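Before any comments, here is the structure.
Just so it is clear, none of the values below were taken in a lab; they were calculated from the coordinates. Keep in mind that what you see is a predicted model, and the values were worked out from it rather than measured. Methodologically, a virtual Cβ is constructed for each residue, glycine included, from the backbone with ideal geometry; neighbour enumeration extends over all protein chains shown.
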Amino acid sequence: MPLTLYDKIWNDHLVHQQDDGTALLFVDRHLVHEVTSPQAFEGLRNFNRKVRQPGLTLAVADHNVPTTDRSKGISDKESKIQVDTLGSNCKEFGILFFGMDDKRQGIVHIIGPEQGFSQPGTVIVCGDSHTATHGAFGALPFGIGTSEVEHVLATQTLVQKKVKNFRINVNGKLPIGVTSKDVILQIIGTIGTAGGTGSVIEYAGSLISSLSVEQRMTICNMTIEGGAKSGLIAPDHKIFDYLKNKPMSPKNENWEKAMKYWKTLKTDEGAKFDKEINLVAEDILPMITWGTSPQDVITIEGKVPNPEKEQDIDKKNSIERSLRYMGLKADTLAKDIKIDKVFIGSCTNGRIEDLREVAKILKDKKKAAHVEAMVVPGSGLVKEQAEQEGLDKIFIKAGFEWREPGCSMCLAMNADKLKPEERCASTSNRNFEGRQGRGGRTHLVSPGMAAAAAVAGNLDDVRKYQN
């Protein structure tokens, strides 16, 4: 019987399945950070349990760390406690930890791939909703809760139920100025934030195959915003080349064994999907979000929707609420939306290719005087690479702040926050009410679009700034 990629990885990791479908899966890789792990470690301690396979867990502090001068430590008391607690827990339980002063430190979903810890055909878990990022490597990733973090630490297994197979095919070539961020925003706008509920999404088609490894990570990263359990892409030679010689990748004869298995990780011809949709790459334009949900998308050439034109009363009310929160009027042109801040970074768009894209736009330009702008690299290694390429000098010359790695302004859990009613063009993944700070207003965009917005002082079309 032909199998999907999801089916294959599931079957290879199935330890036991009950009659009601509840299953126990073996977990190959566990990523841990400071926010969802303290109670999990405390639970182990209370029951006198050890971490079953500490070598399969990698920890890093990212959500609460400051992105400014770290020689001063962490000023926020609660953030400091969380970061210090993770370090002491990892020491006690024998887990590799990248501390704040380690150049390998960074956002958990960026350091996993960088180290070769994320590999094809593995089940990867992390107490973070954007674990789907690792699906770009042909892995099966799950974001899990604190009690599940404890369960994985103690048993190296995860309780799950099999969900449906959903394939999204994107074929063709992207127009100039359109990126993988625009592709995933278009997908979420098409299927809605509940469109993937009860499914694992496989992304396929000629466009997906043509994307770089880092572009694929952006697509998979925001799968959760489409409501899906997880998202993945079949691995190919780009993935294998990326992983070769990474610190935690298989070596020598183990590499050959891994490659033999990895090459089998693709959906069989004739495999059945419960749902399938097709998109044409050439039809996708630079996108922005206008409201308080990732499905609230329009093109940069579009207008903010008018609730009076909506027949469905619930949708009408939803649009009205979003417009109130965002401080926008119906039918406003996307290009007429003025911004106060620009945030470039996050596990969605904080990798070296993202920063190169931004530098191309900002070269020999200055940001608008009223705009505050920052670039936050996704890891210490990304920061080092960017500085070797001179990207930091371009950012600083353009008037941007060049920060230390971390989650930063993706979420209001550290010092980098929006003030009430401040409007931000952000390369992150969520635009919910209060996500970047209480009362803050977020427009999700690609890195190039964020750079264009910084220069213009309002949301603007990146295509104007490209050679």
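Tabulated data
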quantity	calculated
Relative contact order of the chain, defined on C-alpha pairs under 8 angstrom at six or more residues apart (%)	17 percent
Farthest toward positive dipole pole in the chain [+1 Lys/Arg, -1 Asp/Glu at C-beta], among VAL159, GLY270, THR146	THR146
Only Lys, Arg (+1) and Asp, Glu (-1) charged, at Cβ; region 248-338 dipole about Cα centre in debye	400 debye
Aspartates and glutamates with Cα under 19 Å of LYS272, excluding same-chain neighbours fewer than 8 positions away	ASP7, ASP12, GLU202
For region 231-369: relative contact order, % (alpha-carbon pairs under 8 angstrom, 6 or more apart)	15 percent
Value of [θ]222 nm, deg cm²/dmol, for the chain, DSSP H segments ≥ 4, -39500 (n - 2.57) each, nearest 500	-9000 deg cm²/dmol
Size of electric dipole in the chain: Cβ of Lys, Arg +1 and of Asp, Glu -1, about Cα centre, debye, nearest 20	460 debye
Dipole in debye (nearest 20) - region 9-66, about Cα centre, beta carbon charges: Lys, Arg +1; Asp, Glu -1	340 debye
Contact order normalised by residue count of region 423-467, Cα under 8 Å, 6+ apart, percent	33 percent
Selection from SER230, ILE184, LEU391 lying farthest towards where the dipole of the chain points positive, charges on Cβ	LEU391
Cα-Cα over 19 Å, subset of LYS335/LYS393; LYS161/LYS229; LYS103/LYS383	LYS335/LYS393
Percent of alpha-carbon pairs separated by more than 19 Å within region 159-282	52 percent
Cα gyration tensor category, rounded, prolate or oblate, for region 298-447 with a/c compared to 1.5	prolate
Once the Cα gyration tensor of region 1-120 is diagonalised, semi-axes √(5λ) in Å	32, 19, 12
Fraction in percent of alpha-carbon pairs per bin - 20 Å, the chain	25, 58, 16, 0
Cut-off 12 Å between beta-carbons: net charge of the residues surrounding LYS173, Lys and Arg +1, Asp and Glu -1	-2
Proximal charge balance of GLN18 [Cβ under 12 Å; K/R count +1, D/E count -1]	0
Positive-end residue of PRO175, HIS134, GLN115, charge dipole of region 110-249 with Cβ unit charges	PRO175
Loop trypsin sites (Lys or Arg not before Pro), region 117-213 (other Cβ atoms within 10 Å of the site Cβ: 15 or fewer; DSSP)	LYS173
Proximal aspartates and glutamates relative to LYS244, as straight alpha-carbon distance under 16 Å, when same-chain residues fewer than 8 apart are discounted	GLU114, GLU214, ASP236, GLU253, GLU256
Between region 200-231 and region 344-408, the alpha-carbon center distance in angstrom	24 Å
Extension gain from SER75 to GLN17, taking 0.36 nm per residue of separation minus the Cα-Cα distance	16.1 nm
Peptides ranked, highest mean first, by Cβ atoms within 10 Å: ranges 278-284, 127-133	127-133, 278-284
